[in-house]
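A short write-up of the structure that comes next.
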Amino acid sequence: MSFAPAIIPKSKAEEPEGYRTTSDQVMNNLPESASVKGKVFIVTGTNAGLGEESARVLAAYGATVVMASRNEKAANESKKRIIARHPKASLKWIFLDLSDLDSVREFAKQFKALGLPLNGLICNAGIMASPYGTTKQGFEMQFGVNHLAHFLLIQLLIDDLIKAGPGSRVICVSSKGHRFAGIRYDDIGFDGGKKYDAFEGYGQSKTANILCAKAFNEIYSKQGVECFSIHPGMVATELSKSMSPESRETMLKGNIPNPFIRTFVKGAMMIQPYIKPLVGTLKPSWMKSSEEGAATQIYAATSPDLNGKGGAYLEDCQIYRPLTDEANDATGENAKRLYALSEKLVAQYK
Ligand SMILES: NC(=O)c1ccc[n+]([C@@H]2O[C@H](COP(=O)([O-])OP(=O)(O)OC[C@H]3O[C@@H](n4cnc5c(N)ncnc54)[C@H](OP(=O)(O)O)[C@@H]3O)[C@@H](O)[C@H]2O)c1
């Protein structure tokens with residue numbers, strides 16, 4: 001599959017409103033009545049990137065954040081970085097490996113044992129265009145990690161969100177990459193990998209994130225839980241680490257036609273993990289920082305502007321129409337179909 005160029009602003013003048021909004025600005029703009037002080041949020045994938053930034057900003061403004069990730073050492077380092085900036089941050093960590101539905105169940109059990117309320121669940125963790133692989137239960141990896149495990153997590157925690165009362169939110173972090181593919185209802189696993197394409201796998205999982213938010217919203221908004229999906233923008237994070245070298249090359253070709261600049265960016269990506277502690281993240285100016293990227297999920301998780309608008313898809317802290325008819329789902333039938341399929345697939349692991 002060819003990688004369609006990302007839709008990115010070519011100059012500052014083309015940047016849509018909200019493109020450069022940061023997560024701190026979102027929090028500063030919240031009215032007192034919507035403050036996160038004393039509220040509890042779960043964020044998945046908090047060891048790095050948008051997840052760590054989401055955990056940081058929520059904790060900075062007084063929320064307790066349960067950080068859900070699969071690497072304890074990285075989680076401790078992430079916690080340390082947040083506490084260095086916000087010494088009073090209230091952070092807890094619970095192990096969660098989204099490639100194993102048993103781990104999802106265990107996570108929910110451990111969260112419930114804490115006896116905390118739950119005001120928001122940000123399903124952020126994800127992998128992109130990874131080589132073919134399967135989860136512990138045999139599901140194609142991108143669909144399994146990005147969608148199915150989060151689907152089960154939402155199901156297991158929905159009662160806690162309902163209990164926390166109206167205003168509770170679920171955020172499914174999708175991507176503009178949802179345009180790469182819809183849901184392969186009759187062959188969700190790409191014929192055991194024989195028909196696998198890494199970008200189609202990503203597209204399928206990110207379409208699922210949008211439909212998942214719509215489906216849960218349809219059922220649970222009446223009980224006070226509104227669900228949104230978002231695209232954070234093109235953000236300089238470690239997301240490409242899960243890609244094969246071929247997929248990385250395809251993605252770079254789609255975004256950076258100039259071969260010299262492409263070689264430079266590739267080199268910068270390779271040395272990034274080593275130089276980040278010294279010089280911070282290297283990025284071209286059109287890319288968002290983590291603070292700008294996390295702004296949309298933080299806005300979706302907290303802003304009263306969105307009350308009653310559950311089911312919507314957001315970019316740049318604004319509601320947008322998803323890029324495909326399937327994800328836009330004008331009739332609601334696609335969300336229902338995805339919900340029914342996901343329900344069937346996770347049923348034996350609840
Ligand atoms: N960056 C972008 O430009 C961009 C654009 C569109 C959408 N997004 C979406 O934004 C979300 C966050 O990505 P990011 O850019 O912040 O990437 P990132 O820096 O790579 O962070 C992804 C996080 O997900 C975690 N994760 C991956 N597999 C997991 C598993 N099996 N169990 C538990 N955690 C797992 C990673 O943990 P480990 O460290 O243990 O691997 C990491 O903490 C993703 O859903 C991605 O699709 C990002």
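Miscellaneous remarks
- Put simply, of A149, A125, A75 the only residue that is within 13 Å of the ligand (Cβ to nearest atom), under 24 Å from D191 (Cα atoms) and surrounded by 20 or more Cβ atoms within 10 Å (Cβ to Cβ) is A149.
- Of all residues in region 295-335, those that are within 26 Å of R56 (Cα to Cα) and small (G, A, S) total 7.
- Evaluated against (1) under 22 Å from G203 (Cβ atoms); (2) away from the ligand (no atom under 14 Å from the Cβ); (3) of a type in the set (D, E, K, R); (4) free of Cβ contacts under 8 Å to residues at least 12 places away in the same chain, K253 falls short on exactly one condition, (4).
- Of the residues making up region 130-149, those that are assigned to a helix (DSSP H, G or I) and either among the hydrophobic types (A, V, I, L, M, F, W, C) or in contact with a helix residue (DSSP H, G or I) (Cβ under 7 Å, 6 or more places away or on another chain) (or both) are M141, Q142, F143, V145, N146, H147, L148, A149.
- Residue that is within 9 Å of the ligand (Cβ to nearest atom) and either touching a strand residue (DSSP E or B) at 6+ places or on another chain (Cβ under 8 Å) or closer than 23 Å to T296 by Cα (or both), where the choices are S99, S103: S103
- You will find that of E238, E226, E249, E218, the residue that is in contact with a Ser or Thr (Cβ under 8 Å, 6 or more places away or on another chain) and charged (D, E, K, R) is E226 and no other.
- Just one residue in the set K92, K88, K109 is in a helix (DSSP H, G or I) and more than 9 Å from the ligand (Cβ to nearest atom); that residue is K109.
- Summed over region 53-85, residues that are in a helix (DSSP H, G or I) and touching a helix residue (DSSP H, G or I) at 6+ places or on another chain (Cβ under 8 Å) total 12.
- Of all residues in region 161-185 being part of a helix (DSSP H, G or I) and free of Cβ contacts under 8 Å to residues at least 60 places away in the same chain, the one that is nearest to the ligand (Cβ to nearest atom): G177
- Qualifying residues in region 216-235 (those that are assigned to a helix (DSSP H, G or I) and of a type outside the set (S, T, N, Q)) - the one farthest from the ligand (Cβ to nearest atom): K222
- Here the condition is being in a helix (DSSP H, G or I), of a type outside the set (S, T, N, Q) and more than 16 Å from the ligand (Cβ to nearest atom); of I188, I158, it holds for I158 alone.
- On the stretch given as region 5-39, residues that are crowded, with 21+ Cβ neighbours inside 10 Å, among the hydrophobic types (A, V, I, L, M, F, W, C) and within 14 Å of the ligand (Cβ to nearest atom) total 0.
- Cβ-Cβ under 6 Å pairs, at least 6 apart or on other chains, region 109-128 side free of Cβ contacts under 8 Å to residues at least 24 places away in the same chain, far side not in a loop (DSSP other than H, G, I, E, B): Q110/I94
- Considering I83, I42, the condition of being more than 11 Å from the ligand (Cβ to nearest atom), aliphatic (A, V, I, L, M) and surrounded by 23 or more Cβ atoms within 10 Å (Cβ to Cβ) is satisfied by I42 alone.
- Among all residues of region 47-66, there is none that is more than 10 Å from the ligand (Cβ to nearest atom), more than 27 Å from E32 (Cβ to Cβ), of a type in the set (A, V, I, L, M, F, W, C) and surrounded by 15 or more Cβ atoms within 10 Å (Cβ to Cβ).
- From the list P117, P166, the lone residue that is at pLDDT below 95 and surrounded by fewer than 16 Cβ atoms within 10 Å (Cβ to Cβ) is P166.
- Helices (runs of 4 or more DSSP H) wholly inside region 241-348 containing at least 2 residues that are touching a Cys at 6+ places or on another chain (Cβ under 8 Å) and either surrounded by 14 or more Cβ atoms within 10 Å (Cβ to Cβ) or modelled with pLDDT of 85 or more (or both): 290-302, 333-346
- Of all residue pairs spaced 6 or more apart or on separate chains, those with beta-carbon atoms under 7 Å, a first member in region 52-66 that is closer than 18 Å to L118 by Cβ and at pLDDT 95 or above and a second member that is within 12 Å of the ligand (Cβ to nearest atom) and part of a strand (DSSP E or B) are S54/V43; S54/I122; A55/V43; A55/M67; V65/V43; V66/I94.
Here's the yes/no breakdown for (1) among the small types (G, A, S); (2) within 16 Å of the chain's Cα centre (by Cα):
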| site | (1), (2) |
| --- | --- |
| K39 | no, no |
| T46 | no, yes |
| A75 | yes, no |
| P87 | no, no |
| D100 | no, no |
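The values are calculated or read from the model by the stated rules, or taken from the named source; none is laboratory data. Quick caveat: nothing in here was measured; it's all calculated off a predicted structure. In this analysis, Cβ positions are derived from the backbone assuming ideal geometry, glycine residues included, and neighbour counts consider all displayed protein chains.
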